[in-house]
Each structure stands twice: as C-alpha cells, then as structure tokens.
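Participant: Quick one: structure below, then a few questions.
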Amino acid sequence: MLSIENVTLQLPYYANWWQRRWATCLDSLSMNVARGEVHAVVGASGAGKSLLAHAVMGLLPKNAKLTGELTYQQAPLTAQRQRQLRGRELALIPQSLDALDPLVRSQRQVSWAAHRAGHARGNAWQAAGNALNHYQLDAHARHAFPHQLSGGMARRVLTAMAHVSHAQLIIADEPSVGLDPVQRDRVLNALRALAEQGKAVIIITHDLRHALRIADQVSLMRDGRGIETAPAHAFAGAGHALTSPYARALWQALPDNHFSTPERAPQESQVA
C-alpha cells in the first residue's frame, strides 16, 4: 500500500546568523507497508521516526528538502495528493494530546473529523458517537473536554477521529507513551483491530517490547537510517533470525531477555 524508496530529508539550521547549513534527518530510507498489517517503526529519540510520519502525511516545513519516492496505492504521493488524502485516506494519530482542541467536547471533535472525511453534518454526529462507542468511551467521555480525560481515553478519542475518516493508512506516533498497562493495551488493541479490518497501520515507537505484541513487521531506525526490517516473529530466542548486530543487541537488551548484551569477539592480539 505504501512504498518508501531511498527517501532523504534535510532541514536547514544556522551555524551562524548568516550561514545556513543542512542537517540530514532521514538518509536513504526505504520500507514497504502492506494492507492489513501493523508495521512498527522503532528507534530512539532523534532517530527520525516522527519526521518520517510527517513526510508521508505532507506536514514537513516548507523549507525542507525531500528526495526519493513515496508511493501510495501504486501512485506517486505528491504534495497535491497528500493534501487531497490527508484526513480522508491518510490519518495521523499524533503523539501530543495537544492535538485535541481544549475548548471542545470529545464527540464534537470526532464529528468534525467525520465531516472533513465527507460525512454530511447530520450523519457526522452519529458517526462520531458510534466511533466513540466502538472504542469503549461512555457518555461521560463523549461529553468531556480533553483535560477531563485520562491519557488513554484521550488517545482513544484521537483513534476514533482516524476511525471516522475511513482512512486506509493510519500512522500512530508513540500511541502508548505515558499510559498505564490497561490503557496501553486498549490503545494497542484498537490499532491491531484497524489492521484486521484491512487497513495499513504504522506504529512509531521507541518501545520494541510492546510493539511486538501487535506488529507484523518491524523496521528499526537509527540516526535517520533504516537498520533492518524483519517480521515480528524474528524477535525470538537469542535473535539469530535478525541480520544486523544492532537489532540483535536491541532485542537481547530488553527486560524479558534479562538485559543481556551480545558477547564481544576477543580482540586480535597485535603483532609487535
């Protein structure tokens, strides 16, 4: 459904007030995301994960330099096409809960998303209520302002907004950050359910352990580069099915693997 081929992103910065330079934030990055799967993009802060999401959605700054090919549904994902599809076929569930309007109740915000996606105004309100019910948000949550919601409830409101858009590609940026285990599982299960409906779901996260519970494919990023893409089941045992040392080290260092690290090969003795 989505193909990312040799994408490089550069953003400007000023070493001095008169001297502009370019920082490479994504470097020849490639990956493919299929319909009906959850594709986890995993990396530390600063790896370029959120910038990748913004590149796909067409939300980069105007002065960004983006090269490479983005293809959606076998057609180039141009800036014009991104504007046409954003909020309809392409949906972003942002990391920050500030994406919710602090002065508007939940159901009203979801109904706005439904209307932008093409629902008539009368149908949009009903569609919003159905979506909130689908994500187990009761009447109190539907009429609450964002500050009255827990973190997990607010993220489910954002997920409901993607749901009513009928988006076929959904990108969730750090969907489980700051949530307790119960709320985290509810949010992740909701994203898994979207994939089972035939949609493509990208989860951007630094938490490999929780992503593996629902992911089909995992792409590891580091310093703007793609290190490895592997099926989720490759993260098992000692990680012998993984091809890169970085992926194996990351897997073996998880708490479930007792924070182990790969053994280093002994250094060769130097000949005098």
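Participant: State all residues of region 105-119 that are in a loop (DSSP other than H, G, I, E, B) and charged (D, E, K, R); if no residue qualifies, say none.
Facilitator: Within region 105-119, R105 is the sole residue that qualifies.
Yes or no, residue by residue, for (1) at pLDDT below 95; (2) within 12 Å of L2 (Cα to Cα); (3) more than 18 Å from the chain's Cα centre (by Cα):
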site: D27; (1), (2), (3): no, no, yes
site: V33; (1), (2), (3): no, yes, no
site: S45; (1), (2), (3): yes, no, no
site: S50; (1), (2), (3): yes, no, no
site: K62; (1), (2), (3): yes, no, yes
site: L66; (1), (2), (3): no, no, yes
site: L70; (1), (2), (3): no, yes, no
site: L85; (1), (2), (3): yes, no, no
site: A91; (1), (2), (3): yes, no, no
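Participant: Looking only at region 217-230, count how many residues are touching an Asp or Glu at 6+ places or on another chain (Cβ under 6 Å) and farther than 18 Å from H240 by Cα.
Facilitator: Counting residues in region 217-230 that are touching an Asp or Glu at 6+ places or on another chain (Cβ under 6 Å) and farther than 18 Å from H240 by Cα gives 2.
Participant: Scanning for something under 22 Å from N32 (Cβ atoms), exposed (fewer than 15 other Cβ atoms within 10 Å of the Cβ) and at pLDDT 90 or above, does region 157-178 turn up at least one residue?
Facilitator: no
Participant: Does V201 qualify as being out of contact with any Cys (no Cβ under 6 Å at 6 or more places or on another chain), modelled with pLDDT under 95 and either at negative phi or loosely packed, with under 14 Cβ neighbours inside 10 Å (or both)?
Facilitator: So V201 fails the test.
Participant: Working only within region 1-27, note down all residues that are without any contact (Cβ under 8 Å) to a residue 40 or more places away in the chain and either out of contact with any Phe, Trp or Tyr (no Cβ under 9 Å at 6 or more places or on another chain) or assigned to a loop (DSSP other than H, G, I, E, B) (or both).
Facilitator: Y14, A15, N16, W17, W18, Q19
Participant: Here is a further query. Do we have any residue at all in region 97-111 that's in contact (Cβ under 8 Å) with a residue 60 or more places away in the chain and out of contact with any His (no Cβ under 8 Å at 6 or more places or on another chain)?
Facilitator: yes
Participant: Now for a separate question. How many of the residues in region 62-87 are on the phi > 0 side of the Ramachandran plot and either in a strand (DSSP E or B) or among the aromatic types (F, W, Y) (or both)?
Facilitator: 1
Participant: Which residue pairs have Cβ atoms under 7 Å apart, sit 6 or more places apart or on different chains, and have a first residue in region 45-67 that is touching a residue at least 60 places away in the same chain (Cβ under 8 Å) and a second that is in a helix (DSSP H, G or I)?
Facilitator: Final answer for the pair search is M57/Q82.
Participant: How many of the residues in region 107-128 are within 18 Å of L149 (Cα to Cα) and surrounded by fewer than 17 Cβ atoms within 10 Å (Cβ to Cβ)?
Facilitator: 1
Participant: Right, another one. Specify which of the listed residues (S260, S269) is at pLDDT below 60, within 22 Å of R213 (Cβ to Cβ) and outside any helix (DSSP H, G or I).
Facilitator: S260
Participant: If only one of V187, V218 is surrounded by 19 or more Cβ atoms within 10 Å (Cβ to Cβ) and farther than 20 Å from A34 by Cβ, which one is it?
Facilitator: The unique qualifying residue is V187.
Participant: Also: Only one residue in R184, R213 is of a type in the set (K, R), in contact (Cβ under 8 Å) with a residue 24 or more places away in the chain and part of a helix (DSSP H, G or I). Which one?
Facilitator: Only one candidate passes the filter, namely R184.
Participant: Another question, if that's okay. Kindly provide the set of residues from region 121-147 that are under 17 Å from A167 (Cα atoms) and not in a helix (DSSP H, G or I), ordered by number.
Facilitator: Y135
The values are calculated or read from the model by the stated rules, or taken from the named source; none is laboratory data. Keep in mind the model is a prediction, meaning the values are calculated, not measured. Reconstructed Cβ throughout: ideal geometry from the backbone, glycine too, with neighbour counts over all protein chains shown.
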